[in-house]
Amino acid sequence: MAELVLSTLDDMGVLTLTFNRPDTLNAWTDAMGRRYFDLLAEAERDPGVRAVVVTGAGKGFCSGADFKTLTAIQTGSYDEAPDPRPTTFPTTIAKPIIAAVNGACAGLGIVHALVCDLVFTAEEAKWTTAFPRRGLVAEYGLSWVLPRVMGQQRAMDILLSGRVFSGREAYELGLANRAVPGEELLEQARAYAGELAVHSSPASMAVIKRQVWHDWDTTLEESAKAATQEMLASFERPDFAEGVASFLERRPPNFPPL
């Protein structure tokens with residue numbers, strides 16, 4: 001059986017994970033999800049990995065939940081044990097994750113794109129929440145994430161209508177950091193990840209990622225107080241000494257792995 005998620009690591013420390021069910025536009029199954037999360041956990045432990053790019057094989061990023069799974073749930077015949085890790089698991093990984101949305105991104109696919117730290121999309125990729133057109137609701141915290149990312153009125157639009165919109169519109173709505181021609185997508189996503197891998201401290205990125213995802217639940221005062229403690233701790237790390245030295249010596253930094 002073909003690998004459900006392909007994994008390749010380049011010499012800069014950029015790991016590319018590719019959902020590999022192209023015949024279904026990479027529809028989500030528990031087995032594919034388990035493999036994806038396992039690879040993310042391995043990437044976090046691997047000092048050679050500095051940044052992760054997630055994309056899809058073929059013409060889709062992820063077309064949502066697999067219809068065979070949905071049918072089995074509907075008929076009561078689904079008996080596969082769910083992965084205990086939540087859908088938000090990628091937010092807990094201490095390394096930056098960039099979604100490269102190359103094609104169809106629907107329902108659960110949007111969820112998995114938006115729990116990455118950054119999103120690059122092909123201009124021509126097709127996005128849709130799809131939920132109300134399937135008799136479903138905003139799943140896996142999307143009703144919480146979308147208004148914070150794009151504003152309540154825009155979130156209401158794409159959630160209530162379930163309409164299809166392009167990667168270019170996803171960028172204009174604030175769902176993506178960049179929208180580029182599809183043939184340039186992976187190159188640009190990997191190049192950006194490579195910049196992070198070469199120039200950004202792994203320890204700093206890990207703390208910043210935790211701050212951003214966790215601070216949504218805190219007040220400004222609580223965030224500022226916690227940031228002061230994090231800043232004092234950063235002064236004690238070798239990353240700080242190397243960051244200053246590389247700046248003064250006008251050379252690329254040589255940060256230690258996480």
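The values are calculated or read from the model by the stated rules, or taken from the named source; none is laboratory data. For clarity, every value in this text was computed on a predicted model and none was experimentally measured. Here the Cβ positions follow ideal geometry from the backbone for every residue, glycine too, while neighbour counts run over all protein chains shown. Quick note on the areas: whole protein, heavy atoms, side chains included, nothing else; ligands and nucleic acids left out. Shrake-Rupley method; radii C 1.70, N 1.55, O 1.52, S 1.80 Å.
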With respect to His199, determine if the residue is under 22 Å from Gly56 (Cα atoms) and either surrounded by fewer than 17 Cβ atoms within 10 Å (Cβ to Cβ) or at pLDDT 95 or above (or both). no
I want to confirm something. Restricting to the stretch 34-49 and keeping residues that are out of contact with any Pro (no Cβ under 9 Å at 6 or more places or on another chain) and touching a residue at least 24 places away in the same chain (Cβ under 8 Å), which single residue is nearest to Met12 (Cα to Cα)? Ala43
Under 6 Å between Cβ atoms, at least 6 apart or on separate chains: pull out the pairs that start in the stretch 213-237 with a residue that is without any contact (Cβ under 8 Å) to a residue 12 or more places away in the chain and end on any residue that is in a loop (DSSP other than H, G, I, E, B) and open to solvent by 100 Å² or more (accessible area, probe 1.4 Å). none
If I ask for residues that are among the hydroxyl-bearing types (Ser, Thr, Tyr), surrounded by 11 or more Cβ atoms within 10 Å (Cβ to Cβ) and assigned to a helix (DSSP H, G or I), which ones from the stretch 207-258 would you list? Ser223, Ser234, Ser246
If we keep only residues of the stretch 168-190 that are part of a helix (DSSP H, G or I) and within 16 Å of the chain's Cα centre (by Cα), then the residue surrounded by the fewest Cβ atoms within 10 Å (Cβ to Cβ) is Gln188
What are the pairs with Cβ atoms under 7 angstrom where one residue, in the stretch 114-125, is free of Cβ contacts under 8 Å to residues at least 40 places away in the same chain and closer than 21 Å to Phe89 by Cβ and the other, located anywhere, is surrounded by fewer than 20 Cβ atoms within 10 Å (Cβ to Cβ) and of a type outside the set (A, V, I, L, M, F, W, C)? Sequence gap at least six, or different chains. Val115/Thr87; Val115/Thr88; Val115/Thr91
Any chance you could count how many residues in the stretch 232-246 are closer than 11 Å to Ala203 by Cα and among the polar types (S, T, N, Q)? 1
Given the conditions (1) on the phi > 0 side of the Ramachandran plot; (2) assigned to a strand (DSSP E or B), every one holds for Tyr140 apart from (2)
Quick check: is even one residue across the stretch 61-76 under 25 Å from Thr128 (Cβ atoms), more than 15 Å from the chain's Cα centre (by Cα), polar (S, T, N, Q) and modelled with pLDDT of 95 or more? yes
Failed item, numbered, when Val101 is tested on (1) more than 11 Å from the chain's Cα centre (by Cα); (2) at pLDDT 95 or above; (3) surrounded by 22 or more Cβ atoms within 10 Å (Cβ to Cβ): (1)
Report every pair of residues separated by at least 6 positions or lying on different chains whose Cβ atoms are under 9 Å apart, first residue within the stretch 50-79 and of a type in the set (A, V, I, L, M), second at pLDDT below 70. Ala65/Ile73; Leu70/Tyr78; Ala72/Tyr78; Ala72/Asp79
Options Ala226, Ala176, Ala233, Ala241: the member that is of a type in the set (Gly, Ala, Ser) and within 27 Å of Asp11 (Cβ to Cβ): Ala241
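Can you tell me which residues in the stretch 145-167 are assigned to a helix (DSSP H, G or I) and open to solvent by less than 80 Å² (accessible area, probe 1.4 Å)? Don't jump to the end; show me each part of the working.
Start the filter on the stretch 145-167 by keeping residues that are assigned to a helix (DSSP H, G or I), which leaves 145-150, 152-161, 167.
Residues satisfying the conditions are Val145, Leu146, Pro147, Val149, Met150, Ala155, Asp157, Ile158, Leu159, Ser161, Gly167.
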Counting only residues that are closer than 20 Å to Gly58 by Cα and in contact (Cβ under 8 Å) with a residue 40 or more places away in the chain, which one in the stretch 126-144 is surrounded by the most Cβ atoms within 10 Å (Cβ to Cβ)? Trp127
Can Pro90 be described as surrounded by 11 or more Cβ atoms within 10 Å (Cβ to Cβ) and modelled with pLDDT of 85 or more? yes
